[in-house]
């Protein structure tokens, strides 16, 4: 009987537990200010979005998705008064980011 040298198999090392991914947040928003989303309110949204470490913050209108950190992308959504937008955020500060951006919409961006 021939004997083959046994190969040492690497021991299974336990993998460190990965933190659970931060829950995604989704909110329905309505554009209520008279002039809709023009440059000034969009600049407020992008500034707010850039101040959070959320991995992803997007706005969606009629199936078109825009990065909330990209002023031109949001403007291209063409959101007059009465538009319905879906805000989605995920990452470590997703809940806070969604709450603050939602408050901009609720306050009509300080406009009428």
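Nothing in this text is a laboratory measurement; each read-out follows from the coordinates by a stated rule. The structure presented is a predicted model; accordingly, all values stated were derived computationally and were not measured. Neighbour counts run over all protein chains shown; Cβ positions are idealised from the backbone, glycine included.
Pairs of Cα atoms under 8 Å, at least six residues apart: use those to get the relative contact order of segment 25-110, whole percent.
The value is 45 percent.
Given a Förster distance of 25 angstrom, what is the FRET efficiency for residue 99 paired with residue 38, based on the Cβ-Cβ distance and rounded to 0.05?
On the way: r = 23 Å, r/R0 = 0.93.
Result of the calculation: an efficiency of 0.60.
Can you list the residues of segment 68-101 with backbone N under 12 Å from a point 7 Å past the Cα of residue 24, pointing along Cα to Cβ?
From segment 68-101, the list is 87-91.
Seen from all sides and averaged, what is the projected area of the convex hull of the Cα atoms in segment 25-110, in nm²?
With every direction weighted equally, the projected area is 4.5 nm².
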